[in-house]
């Protein structure tokens, strides 16, 4: 058994390999939800409406490699921009690491189980509808802890 620390504790985000960076995603899909921002206060209102590309059962993007082309306002996280997205959930591994925090116990890299994020109730599985089925985002506001 190795006494070495996991990569996310030893490797700065800007120096992570592509596979390390991608593995930080816990699969919650909360970043794929539509949000409304108050222009005056900057406050973010959460909805239960997700991007049309999200598979709501697996909580993964059905067109991940082409997501930015297919959904131009999709925000692609990078080590350089992760700190500017204040709307990212507080539980997000990218945000947590950028803030100097560790991963949560249910994160698949910690638990070793890709379903732990769903079992812990963190993911959007079973809680969302596709934007294809929603007319008015204001009718889908939710007050979820992010």
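The values are calculated or read from the model by the stated rules, or taken from the named source; none is laboratory data. The structure displayed is predicted, hence computed values, not measured ones. When we count neighbours, we look across all protein chains shown, and the Cβ atoms used for this are built from the backbone with ideal geometry, even at glycine.
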Next on the checklist: Restricting to the stretch 8-51, name every residue that is buried (at least 16 other Cβ atoms within 10 Å of the Cβ), within 24 Å of residue 105 (Cβ to Cβ) and in contact with a helix residue (DSSP H, G or I) (Cβ under 8 Å, 6 or more places away or on another chain).
Outcome noted: 8, 13, 16, 21, 23, 24, 25, 26, 27, 28
Checklist entry - Would the stretch 26-44 turn up any residue that is more than 13 Å from the chain's Cα centre (by Cα), under 24 Å from residue 114 (Cβ atoms) and touching a residue at least 60 places away in the same chain (Cβ under 8 Å)? => result no
Checklist entry - For the stretch 122-146, how many residues are within 18 Å of residue 31 (Cβ to Cβ) and outside any loop (DSSP other than H, G, I, E, B)? => result 7
Item to check | Total residues in the stretch 1-25, condition in contact (Cβ under 8 Å) with a residue 40 or more places away in the chain, under 15 Å from residue 93 (Cβ atoms) and either in contact with a strand residue (DSSP E or B) (Cβ under 8 Å, 6 or more places away or on another chain) or part of a helix (DSSP H, G or I) (or both) | outcome: 5
Checklist entry - Name the pairs: first residue in the stretch 124-145 and at pLDDT below 90, second residue assigned to a loop (DSSP other than H, G, I, E, B) and surrounded by 15 or more Cβ atoms within 10 Å (Cβ to Cβ), Cβ to Cβ under 9 Å, at least 6 apart or on different chains? => result 144/89; 144/124; 144/127; 145/89; 145/91
Checklist entry - Quick one: residue 48 ticks every box in (1) part of a helix (DSSP H, G or I); (2) touching a strand residue (DSSP E or B) at 6+ places or on another chain (Cβ under 9 Å) bar one, so which box is it? => result (1)
Next on the checklist: Scan the stretch 90-97 and tell me whether some residue there is more than 16 Å from the chain's Cα centre (by Cα) and either touching a residue at least 60 places away in the same chain (Cβ under 8 Å) or assigned to a loop (DSSP other than H, G, I, E, B) (or both).
Outcome noted: no
Next on the checklist: Anything in the stretch 54-89 that is within 14 Å of the chain's Cα centre (by Cα), surrounded by 14 or more Cβ atoms within 10 Å (Cβ to Cβ) and part of a loop (DSSP other than H, G, I, E, B)? List them, or say none.
Outcome noted: 56, 58, 59, 74, 75, 77, 85, 87, 88, 89
Next on the checklist: Cβ-Cβ under 7 Å, sequence separation 6+ or interchain: first residue in the stretch 98-114 and free of Cβ contacts under 8 Å to residues at least 40 places away in the same chain, partner part of a loop (DSSP other than H, G, I, E, B) and surrounded by fewer than 13 Cβ atoms within 10 Å (Cβ to Cβ). Which pairs?
Outcome noted: 111/105
